[in-house]
Each structure stands twice: as C-alpha cells, then as structure tokens.
Amino acid sequence: MTTGKATTTERPPWMWPLALLLIAVAVAPLVLQWLGNVDDQRLVDLDVYRTGGQAVLEGRPVYDFVTPAPQLLPFTYPPIAALLATPLAMMSWPAAQWVWTALVFVTLAVTVGHGFRALLGSAVPYRDVLGRAVPGWDRVVRGRAVPGRGPADPSLPGRPGGIGLPMAFALLMVACTYLMPIRDQVRFGQVDILLVALCLADCVTRRPAWPRGMLIGLATAVKLTPGVFLIYLLITGFGPGARPEQRRAFFMAVFTAALLTLLPFLVIPADAADFWFHALLDPERLGANAATTNQSVRGMLIRLYLPDALTSLLWLALVAAIAWYGFRHARRALLDGHAVTGVALAGLMAVLLSPVAWIHHLAWVVVVLGALAGDGRDPVRVRVAAGVWLFYVVPVPWWGVSIKAAEIPVISPVLGKIVQNGFGLGALVLVWLLASWLPRRREAFRKCGSKPTFG
C-alpha cells in the first residue's frame with residue numbers, strides 16, 4: 001500500500017498464524033515432557049497454588065497443609081494468592097495444568113513483546129514504491145518519533161509490514177522458552193514469568209489502559225519480591241530530574257498492594273494473620289536455603305558454610321552495596337530514556353537481594369536480553385546478548401555439583417563451588433553489563449556515526 005513517498009511491504013495474512021504454529025511446534029517437546037511426567041513430579045508448584053485455593057474453598061487453614069508425598073510442599077505465598085488461586089481449585093487437575101501452561105506462554109509473549117520492543121520495531125524496514133529500503137525508516141515506530149532518533153518523517157507510513165516481524169517474534173519466543181529459568185516455569189508450573197510480565201508491562205507500556213502502578217501493586221501483593229519495583233518507582237519519581245508519572249505510579253502501586261494485602265483480613269482473617277505473623281518469618285518453609293537452586297547472594301554465601309553470624313553480616317553488607325549500585329543505575333537508565341534497561345536492573349535486584357531466589361526466579365533474563373540486544377544494529381551488543389542467552393540455556397549450576405562430586409584435589413572444591421553458583425554470579429555480571437558496560441557501548445556506537453537505541 002502506497003502512502004506519500006513510501007509504502008510498507010504487505011504482510012501476507014497467514015504470516016502470524018504461521019509464526020504461532022512454529023512456536024507451538026518448537027515448544028511442544030518441552031510441554032509434552034513435563035506435562036507427561038509422573039504425577040507426583042508434574043507441575044509441583046501449580047499443585048501448591050491449587051491446593052491453597054482448595055483450602056480456601058473448603059475452609060481449611062491455608063498455611064497448615066502440605067502437598068502429597070513425596071513433595072510435601074507448603075503454601076508460601078501471601079493470602080491474596082490463595083484467594084486468586086480458587087479458580088484453579090475449581091478445575092480438574094489435568095485442565096489446570098493445560099490452562100496454567102498456556103498462561104505461562106501468553107505471559108512470556110507479553111514479556112518478549114515489551115522486552116524486545118526495540119528489536120521487533122526494527123524487524124521490517126519501510127520501502128518505497130520500487131521496493132527499496134527508505135533511509136530514515138527506523139526513526140518511526142507506529143508513526144511516532146522515537147526518543148533519540150530525531151523527528152518522525154510525516155511522509156513515511158507508521159505501520160511496518162512484511163514477514164519480518166512475525167518471524168522475528170517467533171524466533172525470540174522459541175529462544176527464550178529454552179532458557180533454563182523459563183523451562184523451569186513449565187516444569188514446575190511457576191508464577192514468575194507472570195510477575196515479570198506484569199511489572200514490565202506496567203513500566204514500559206506507552207499508554208496503558210490501566211492506572212500505571214496497579215500491576216506492580218498486584219505482583220507485589222501476590223509474591224513479595226516484586227516489591228523492589230516500589231523502590232524503583234520511588235527513586236525515579238522523586239528527586240532531581242524525576243518523572244511525575246513515576247511518582248503517580250508509585251502511589252498507585254502502594255495503594256493496590258496495601259488493598260490486596262488487607263482484603264484477606266476481611267475474607268480469611270485467620271489465614272492472613274497466620275501468614276504475616278508466623279509463616280512469613282520461617283525461611284525454611286521455602287525449602288533448603290543451601291540448595292543449589294538458591295542462586296541469591298544469601299544462597300551463595302550459605303554454601304560457603306561460614307559461621308552464621310559472619311554469613312549474615314556479609315549478606316547485609318553485600319545487599320546494601322548491590323542495591324545502591326543497581327538501583328542508582330536503574331534510575332539513571334530510565335531518566336536517560338532506556339526504560340527496558342531500568343526494568344531489567346530492578347528485576348535483577350529482586351533476584352539478588354531476596355533471601356531465597358530459585359533458578360526459575362531468573363525469568364528476568366528475558367528482559368535483560370532485550371535490553372542488551374537493543375534494536376539489533378550494534379553487532380557487539382547482539383553477540384553479548386547471544387552469549388548471555390547460551391549461558392542461561394545450559395545447566396551451569398549442576399555442572400558445578402558434578403565437579404564437586406568428582407573430588408579432584410584443589411580443583412573440585414574451588415572450581416565446583418564457583419560453577420555451582422554460576423547463575424547467581426552471572427546475575428551480578430549482568431548488573432554490571434547493564435549498569436556500566438551498556439552505557440559506554442551506546443556512546444561508542446553513537447560516536448561511530450550510528451543513532452542511539454532506546455532498549
């Protein structure tokens with residue numbers, strides 16, 4: 001279709017259905033593997049959510065039950081999560097598995113769409129009537145000027161066409177599905193990618209249909225670790241150069257989280273009191289804190305087997321230093337116009353600062369990859385993103401366990417411990433990449449004569 005001086009490449013109507021079919025075929029082995037697993041090993045965390053909902057419906061104490069052997073898992077989430085899980089309890093167990101797995105991929109699609117917005121926006125160049133790429137096409141996203149790319153050319157159309165966007169989206173979806181933290185979302189039936197999608201969409205959607213901050217408040221009420229985004233909204237909404245919309249979002253997030261925290265006291269008051277005054281104070285309810293799957297800073301320190309007092313002191317000191325560094329650069333990234341980078345840094349804070357962060361909590365790696373890749377024009381950034389993707393695809397921490405089990409003198413204890421903590425140490429490296437390396441890389445790319453990205 002021609003518009004003024006330029007035209008878009010018409011997208012065949014079958015491209016999006018084909019892209020969705022390719023995604024379905026590529027992820028089917030993973031889904032069938034875990035949904036076909038033995039019953040007591042199948043989506044065990046979904047079983048926790050569903051049983052919590054059943055306890056509410058049957059009037060039983062939510063925080064006194066455990067799932068059937070051999071898992072014996074207690075409900076560890078705030079009471080509003082048990083109320084929200086009641087629809088799952090009303091379904092049959094097979095139906096709940098398929099519904100939840102579908103929800104995992106829908107929320108992953110939301111995360112990929114927002115996290116890789118810059119790359120997907122560059123997937124299809126605009127072309128003139130002769131089919132030639134139009135110089136300056138990348139200054140327009142849906143007909144609007146992109147920050148840092150100069151004014152939009154009104155003669156150019158605002159909707160990309162062709163086959164590039166559906167295929168780029170399909171490729172990114174498949175690549176992100178096979179990250180180990182996302183594979184574990186399917187394996188365990190986890191909620192983390194839903195929380196990532198809520199926080200990311202709340203922060204980067206240009207014109208949200210909801211009051212900005214509401215989704216962060218919801219995520220924080222359901223699982224406390226997204227509360228780091230309250231800090232993110234606070235530091236970006238107040239102080240020199242702060243954004244008023246962030247300040248308004250902060251108040252909305254606090255209001256929503258408070259409302260959803262107080263609501264259970266009216267509906268299931270005994271369970272609400274039990275969680276906030278008893279269950280929340282018992283870290284062992286979350287599982288063995290020294291387990292390999294705990295890749296938080298505290299988990300890595302616990303595996304050093306130092307005296308408890310020294311471990312706690314080191315943890316507090318490291319948490320303070322990491323929080324200062326990470327949040328400071330998250331604020332700078334947002335104020336410089338790099339919203340996805342700011343969200344990625346805040347998400348990594350949720351992993352590193354939490355007392356317990358299992359491997360599936362690292363679903364934030366999807367957003368990190370989007371921030372690192374940007375719009376794909378800088379090959380160095382793309383290669384770094386590809387390296388990070390590969391690192392989180394392979395089971396690095398379990399290699400560390402194997403190295404330790406080999407009992408090779410000197411090598412096994414030292415190297416095995418480092419590799420065992422690989423995903424947590426990798427998250428620290430990701431914070432440095434986003435906070436220090438990426439701004440310098442953007443500047444170097446800009447000096448080479450290329451336009452800056454907004455990822």
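Take the Cα of Leu103, step 7 Å toward its Cβ, do the same at Trp276, and the gap between the two points is 2.4 nm.
Once the Cα atoms are used to define both axes, helix 15-35 deviates from the longest principal axis of the chain by about 20 degrees. Over the stretch 220-275, the reciprocal of the mean inverse Cα-Cα separation, the Kirkwood hydrodynamic radius, stands at 12.3 Å. On the chain, 70 percent of the accessible area sits on carbon and sulfur atoms, based on a 1.4 Å probe. Taking the longest Cα principal axis of the chain as reference, the axis of helix 308-335 is set at about 20 degrees.
Angle of helix 411-420 to the longest C-alpha principal axis of the chain, folded into 0 to 90 degrees and rounded to 10: 70°.
Each part reduced to its alpha carbon centroid, the stretch 309-388 and the stretch 82-117 end up 25 Å apart. For the chain, the spread of Cα positions along the three principal axes, ordered from largest to smallest, is 69, 54, 47 Å. Maximal additional length on extending the Arg383-Glu407 stretch stands at 5.1 nm, based on 0.36 nm per residue less the C-alpha distance. Straightening the chain between Val25 and Leu306 buys 96.4 nm, computed as 0.36 nm per residue apart minus the Cα-Cα spacing. Modelled label positions at Ala288 and Arg446, each set 7 Å beyond Cα in the direction of Cβ, lie 5.0 nm from each other. Computed from the C-alpha gyration tensor, the three semi-axes of the ellipsoid equivalent to the stretch 231-349 are 30, 25, 11 Å, from longest to shortest. Using a Förster distance of 60 Å, how high is the FRET efficiency between Phe238 and Val394, based on the Cβ-Cβ distance and rounded to 0.05? Calculated transfer efficiency: 0.90.
At a probe radius of 1.4 angstrom, the accessible area of the chain per residue rounds to 44 square angstrom. Hull volume per residue, based on the alpha-carbon atoms of the stretch 1-119 and their convex hull, is 163 Å³.
The values are calculated or read from the model by the stated rules, or taken from the named source; none is laboratory data. Every value quoted in this text rests on a predicted model; they were computed, and no experiment measured them. A quick note on method: Cβ atoms are made from the backbone with ideal geometry, for glycine too, and the neighbour counts reach across all protein chains shown. All accessible areas refer to the heavy atoms of the entire protein, side chains included, with ligands and DNA or RNA removed. Shrake-Rupley method; radii C 1.70, N 1.55, O 1.52, S 1.80 Å.
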